[in-house]
Amino acid sequence: MSVYTQLTDDQFAAFCQSFGVSFARAIPITQGVKNSNWFIQTTDDADGSHSYVFTLFEERPPSDIEKMAVILNQLAGKLPVAAPLPVMSSKNEDTQRYVMRYENKAITVVPCLSGTHPTRNSAVMCRDMGAALAVLHKTLQDLTPAEDYGVPLYPWAEVRDREMQYMPSDEAMLMSDIWQAYSDLPLDTLPQGLCHLDMFADNTLWDLQTGDERLTGLLDFTEVSVEHYVMDIAITINDFCTTWGNATEGESVDFDRHKMRAFLEGYESERPLSAAERRTLPIFLAKAAVIFWLLRLNVIHYNRTEGRTGDNIMVKNPDLMKRLAAYHWANVEKAQNTVFVLEHACYKDDDSNNDVEDFKLIGVFATLQKAQAAIEQLKDQSGFKEYPNGFHIDEYPIGQINWSQGF
């Protein structure tokens, strides 16, 4: 939440007055990468304290932020969220407004929540975070149709195509392979709904003072979109279950599978996962890391093209997400336990009941979808098109004898 747009104290005072807040001081918030944020100290606050967060949304249009306000009010009472304050002049209108505008950018003011951002996450915190995310998914199912409340998903494929031009070949291949594996999944069969899609630890607050870790705040609902629930799970797991080393520690990336199991246990205490969600989670973990790899590259791109500089601009290292993506992808590849063998037989008169006149082993593929795509590529070529019924795909487990008798 770097500060990109600068406002004067007079501007802060005028906007805060519109929300019924008496302005004394604005304190920049430099964590995060998307919007401009400040803590607002009011005339009633003691020195060093603040009651509100003032956000100027750099990219999302005001209509999207109005949707966010509805979502936060839906969650209020079930999860620790801060719903935006209403604009004072809208209280007598049919529909209350929660957004002011500055140069066609949205502004909201929300109450501060208690707690602090965690620097380390325990397994207990991961379990509680999993349960909270499941509650979020279930609660937002009441907003229908979901598409009316979620913002469009960002066109990450466009960012991928731009950035891959400048990547070393091994990095480009890693990104391409993960993207293809994700595209090959049976995505239409996976449950979806409104998802947060940015539930990193720095978007949560916790009471860590008492020794009894307690979730006290969920932040930054600007990215809520209709997406597969397992993607939201993967995004959150990737941050909560990874220990990110700082620069002096070599910026290490250590993923903790014990914490991931605790997270999933918490999630399923509120919403059980389907078999398909469990099966596809490893690829979603890799794809989620790729998305945030691209996000950080995209921030660097826009900072450069728009001349964003200064001490209040924070850039997160994209290489960390690349390494996490490589870690997950290695585990996906190790989890491969079946292959799909595509063959073609030329049966007399293209009838499988007749003798085989010719036979070809076409290839061995990691997924059924890739084998089917190969058929689409070959079926109109000479020879194959005369024998369209000759294609067949067999699934074989790796490392097993598939013919156990003599002949």
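The values are calculated or read from the model by the stated rules, or taken from the named source; none is laboratory data. Only a predicted model underlies this, so the values are computations on that prediction, with no experimental measurement involved. Don't worry about glycine lacking a Cβ; one is built from the backbone with ideal geometry, like all the others, and counts go over all protein chains shown.
Miscellaneous remarks
- Selection within the stretch 154-167 - in a helix (DSSP H, G or I) and more than 30 Å from V135 (Cβ to Cβ): A157, E158, V159, R160, D161, R162, E163, M164
- Inspection of the stretch 212-223 identifies no residue that is of a type in the set (G, A, S), in the same structural domain as V151 (by TED's automatic domain parsing) and in contact with a helix residue (DSSP H, G or I) (Cβ under 8 Å, 6 or more places away or on another chain).
- If you filter the stretch 257-299 down to residues that are part of a loop (DSSP other than H, G, I, E, B) and without any contact (Cβ under 8 Å) to a residue 60 or more places away in the chain, you find that the one that is surrounded by the most Cβ atoms within 10 Å (Cβ to Cβ) is L273.
- Taken residue by residue, the stretch 291-311 has at least one member that is at pLDDT below 95, out of contact with any Asp or Glu (no Cβ under 6 Å at 6 or more places or on another chain) and on the phi > 0 side of the Ramachandran plot.
- When D198, D202, D188, D170 are checked against the criterion of being surrounded by 15 or more Cβ atoms within 10 Å (Cβ to Cβ), charged (D, E, K, R), in a helix (DSSP H, G or I) and out of contact with any strand residue (DSSP E or B) (no Cβ under 6 Å at 6 or more places or on another chain), D202 stands alone in meeting it.
Residue-by-condition table, conditions (1) assigned to a loop (DSSP other than H, G, I, E, B); (2) surrounded by 12 or more Cβ atoms within 10 Å (Cβ to Cβ); (3) at pLDDT 90 or above; (4) of a type outside the set (D, E):
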position: Q336; (1), (2), (3), (4): yes, no, no, yes
position: V341; (1), (2), (3), (4): no, yes, yes, yes
position: D358; (1), (2), (3), (4): no, no, no, no
position: L361; (1), (2), (3), (4): no, no, yes, yes
position: Q372; (1), (2), (3), (4): no, yes, yes, yes
position: D380; (1), (2), (3), (4): yes, no, yes, no
position: G399; (1), (2), (3), (4): yes, no, no, yes
position: W403; (1), (2), (3), (4): yes, no, no, yes
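- The set of residues in the stretch 29-50 that are over 15 Å from C112 (Cβ atoms) and not β-branched (V, I, T) comprises G32, K34, N35, S36, D47.
- Of the residues making up the stretch 225-279, just one is at pLDDT below 95, of a type in the set (A, V, I, L, M) and within 24 Å of Y154 (Cβ to Cβ), namely V253.
- The stretch 10-52, subset at pLDDT 95 or above and in contact with a Lys or Arg (Cβ under 8 Å, 6 or more places away or on another chain), residue farthest from A82 (Cα to Cα): Q41
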